[in-house]
Amino acid sequence: MKDARFVLTLNGGSSTLKFALYSLEGAAQRRLRGQFDRLDRPGTGFRFEDASGAAGTQAIGQSGHREAAGYLFDWLDRQVGLTSLAAIGHRVVNGGTRYRQPMLVTDEMLVELRQISAYAPEHLPSEIAMIELCRERLPQLPQVACFDSAFHRGMPAVARTIPIPRRYMVSGVERYGFHGLSYTFLMQALQREAGMESARGRVILAHLGHGASLAAVHQGRSIDTSMGFTPAAGVPMGTRAGDLDPGLILYFAQTEGMDARAFHRMVNRESGLLGISETSSDLRDLLDHETSDVRAAEAVAVFCYGVKKCIGAFAAALGGLDTLVFSGGIGENSAVIRERICGDLGFLGIELDPGRNQSGAPVISKSGDGVDVRVIATDEEVVIVAAVAAILGSA
């Protein structure tokens with residue numbers, strides 16, 4: 001492996017950092033992948049897996065994104081040698097109004113990303129820090145930013161517009177939407193598996209994980225999405241509240257003395273499934289305890305109800321529905337959650353085949369003329385490495 005050329009992908013979440021290493025010799029092949037969990041909290045862990053399936057875990061002590069990235073570079077240097085890297089591809093949560101496609105990282109781009117870091121304070125500052133660390137460690141290495149918001153940049157104005165005074169639109173306050181790298185992969189996979197006609201039809205994509213969102217897609221273009229100006233909007237999530245009554249801000253300020261920073265922390269890190277259940281942000285835990293803990297049962301019910309409502313709203317926006325795709329950790333792996341979300345949606349033409357759903361088959365809907373319901377495992381890293389390879393090739 002020492003002599004091969006590799007692309008490293010870095011995918012930072014609010015409390016995680018995923019990475020993958022792909023060989024560029026011939027067709028891109030993944031050689032390593034892994035993840036740092038519980039960043040900025042006690043018990044930060046590192047786990048990895050190679051192409052053969054051999055895996056390992058390490059406890060590294062409390063670390064932030066920048067420290068985790070530094071640890072990763074030292075580890076990769078021992079595994080493959082940093083001189084074997086050809087480029088680094090980054091998932092960047094928001095490119096603002098300017099960036100609509102993957103781009104080489106430049107000084108100008110970093111200046112602009114710093115200027116809009118308040119758009120996504122849970123993500124952009126740590127992503128910028130990782131890019132800067134990569135520059136320090138490997139100053140000559142090309143870096144490519146792949147923007148999670150780019151998939152939605154073509155949304156119609158009626159979907160992008162947030163109904164507050166128009167003057168704020170000038171400073172970039174609008175609906176951006178996220179999970180765009182995942183949605184890009186899902187649309188490519190849908191075209192491969194179901195054909196161009198299905199991919200150009202009326203599609204709802206449901207990326208359901210710790211962070212969750214849905215997108216309405218028609219003619220291959222996003223026409224609406226559940227997340228908004230920040231990833232905190234939309235359906236209830238693991239620790240994010242999703243859509244809220246803005247009157248709560250003044251209410252908590254008057255009754256709790258809560259300032260903007262405390263409110264931000266509450267709706268991003270203390271709400272959602274964790275806030276309702278008071279025990280866990282993990283749906284697997286809540287399903288295990290829903291028969292004995294009413295709080296767990298209510299959290300599961302609120303999550304499924306929120307997603308169900310969003311599917312109905314997006315079906316209205318699309319003027320009907322041809323295909324529904326489940327993805328993300330929950331969408332791909334939880335048959336019971338898919339069943340509860342799709343229950344009572346027969347009026348839209350959504351009917352699941354219980355056996356197919358339970359086995360997690362690629363198509364889980366009943367045969368017939370109804371909505372085609374699919375389960376597709378997403379892969380954001382594949383989209384990143386393809387973008388990097390394309391830019392390297394054009395250069």
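The values are calculated or read from the model by the stated rules, or taken from the named source; none is laboratory data. Bear in mind the structure is a predicted one, so any value in this text is a computation, not a measurement. All Cβ positions, glycine included, derive from the backbone under ideal geometry; neighbour counts span all protein chains shown. In case anyone asks, the SASA skips ligands and DNA or RNA and just uses the protein heavy atoms, side chains included. Shrake-Rupley method; radii C 1.70, N 1.55, O 1.52, S 1.80 Å.
General observations
- Computed from backbone phi with θ = phi - 60° and the Karplus coefficients 6.51, -1.76 and 1.60, the 3J(HN,Hα) list for the range 347-354 is 5, 8, x, 9, 9, 8, 8, x Hz; x is used for glycine and proline.
- The range 75-223: relative contact order in percent, alpha carbon pairs under 8 Å with at least 6 residues between: 23 percent
- The dipole here belongs to the chain: it is taken about the Cα centre, uses +1 on the Cβ of Lys and Arg and -1 on the Cβ of Asp and Glu, and is about 780 debye.
- Using the Cα coordinates of the range 11-87, the gyration tensor eigenvalues translate into equivalent-ellipsoid semi-axes of 23, 13, 11 Å, sorted from longest to shortest.
- Counting only protein heavy atoms and using a 1.4 Å probe, the accessible area of Val302 comes to about 60 Å².
- Positive-end extreme of charge dipole, the chain - chosen from Ala118, Ala361, Leu324 (charges on Cβ): Ala118
- Integer Hz, Karplus 6.51/-1.76/1.60 couplings in order for the range 355-367, x for Gly and Pro: x, 5, 5, 4, 8, x, 5, x, 10, 10, 8, 5, 5
- Label-point separation in nm, Glu256 to Thr83, each point 7 Å along Cα→Cβ: 5.5 nm
- Here the chain is treated as an ellipsoid with the same Cα gyration tensor; its semi-axes, largest first and in whole Å, are 32, 26, 23.
- Where GluC sites (Glu not before Pro) fall in DSSP loop in the range 1-89, at most 16 other Cβ within 10 Å: Glu25
- Counting only DSSP H runs of at least 4 residues, each contributing -39500 (n - 2.57), and dividing by the residue count of the chain, the helix-based mean residue ellipticity at 222 nm comes to -11500 deg cm²/dmol.
- Residue-wise HN-Hα coupling along the range 178-184, computed from phi with Karplus coefficients 6.51, -1.76, 1.60 (Hz; x: Gly, Pro): 9, 6, x, 5, 4, 5, 4
- Heavy-atom accessible area, probed at 1.4 angstrom with all protein chains present, ranks Asp245, Asp372, Asp77 as Asp245, Asp77, Asp372, highest first.
- Heavy-atom surface analysis with a 1.4 Å probe gives the chain a carbon and sulfur content of 51 percent of its accessible area.
- Sequence-separation-based contact order of the chain, relative, with Cα cut under 8 Å and 6+ spacing, percent: 13 percent
- Sequence ranges 351-358, 183-190, ranked by mean other-Cβ count within 10 angstrom, highest first: 183-190, 351-358
- As a calculated quantity, the FRET efficiency between Val111 and Ala28 at R0 = 22 Å, using C-beta atoms, amounts to about 0.10.
- Compared with the alpha-carbon gap, the fully stretched path from Lys309 to Asp285 is longer by 6.3 nm at 0.36 nm per residue.
- Put simply, the amide H of Ile223, placed in the peptide plane, has neighbours under 5 Å in Ala216, Val217, His218, leaving out anything fewer than 5 places away on its chain.
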